[in-house]
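Input: a single structure, listed below in structure tokens.
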Amino acid sequence: MAGGWGAVFLFNFLLAALLHCLAGRQVAGQGNLGVPGLTVLRTEGGATLQTSLQPLLIPDTVPGLELRFQFGFSTDELLSPGQISDSFTITLQDAAAANMVVLLTADAGGVMWAPPTPGGLFLAPEAIAGVPVSFPSLDPILARQTAYAVAVPIPPVFTGPANLYFDLFDNLNGTRSLGWHSAVELVPEPCVCTALCAGLVAVFLMRGLRRLN
């Protein structure tokens, strides 16, 4: 009887661990804009380009890795024919600068996902999952605002050291813009924790069935 209660306890423990893994993954996908930790770039000081760099170490032993982060862009600009607008561009590049892919660019007209870029790798725009999120309270408050939580599959060619660049371009016309991003996460797909918990549950169930038979 004691062995039976021990088996039930073990099963419940493994099931709780599995549900915890799944819940943790959902929270990571939603993110949290209500805490400090955003990096904000503003068009000021006469600089044409401002950059925030996020170093990454991409393992080659974990298949299906994703980049997850949140970003936003706001501006007082209006799109004008023949004018190059202020923009916020996010680019993944390996440390040797041999491989590069533009993940997105945002301007007054909205977001373009995985735009074709000379010399860059192709990434299908539909491969990027972008979910609109609330724009945080940042100074200055500008007329047009867009913000997303993003999950991007990392092309297999990227392994080892790499950099994620967040670039704010200012056309120096005096109209204000800003771009921001959260911390960047490397997320296994499927979740390593989930796979481990599910495997343990499966092993336990198989052993329990054998004892019953």
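The values are calculated or read from the model by the stated rules, or taken from the named source; none is laboratory data. Every value quoted in this text rests on a predicted model; they were computed, and no experiment measured them. Glycine gets a Cβ as well: all are built from the backbone with ideal geometry, and neighbour counts include every protein chain shown.
Okay, here's what the table says:
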read-out: Asn163 in the same structural domain as Ile58 (by TED's automatic domain parsing), of a type in the set (S, T, N, Q) and within 16 Å of Ile90 (Cβ to Cβ); value: yes
read-out: Any hit, the range 124-139, residues being surrounded by 15 or more Cβ atoms within 10 Å (Cβ to Cβ) and touching a Ser or Thr at 6+ places or on another chain (Cβ under 8 Å); value: yes
read-out: Output for the range 86-121, where each listed residue is buried (at least 20 other Cβ atoms within 10 Å of the Cβ) and over 20 Å from the mean Cα position of the chain (by Cα); value: Asp86, Ala108
read-out: Conditions (1) within 18 Å of Arg176 (Cβ to Cβ); (2) of a type in the set (S, T, N, Q); (3) in contact (Cβ under 8 Å) with a residue 60 or more places away in the chain; number of the one not met by Thr91; value: (1)
read-out: Residue check for Ala143: closer than 29 Å to Gly174 by Cβ and either surrounded by fewer than 15 Cβ atoms within 10 Å (Cβ to Cβ) or at pLDDT 95 or above (or both); value: yes
read-out: Set Ala127, Ala97, Ala151: member being free of Cβ contacts under 8 Å to residues at least 12 places away in the same chain and assigned by TED's automatic domain parsing to the domain that holds Glu44; value: Ala97
read-out: Candidate set: the range 64-107, residues that are in contact with a strand residue (DSSP E or B) (Cβ under 6 Å, 6 or more places away or on another chain) and acidic (Asp, Glu); chosen: the one farthest from Ile128 (Cα to Cα); value: Asp86
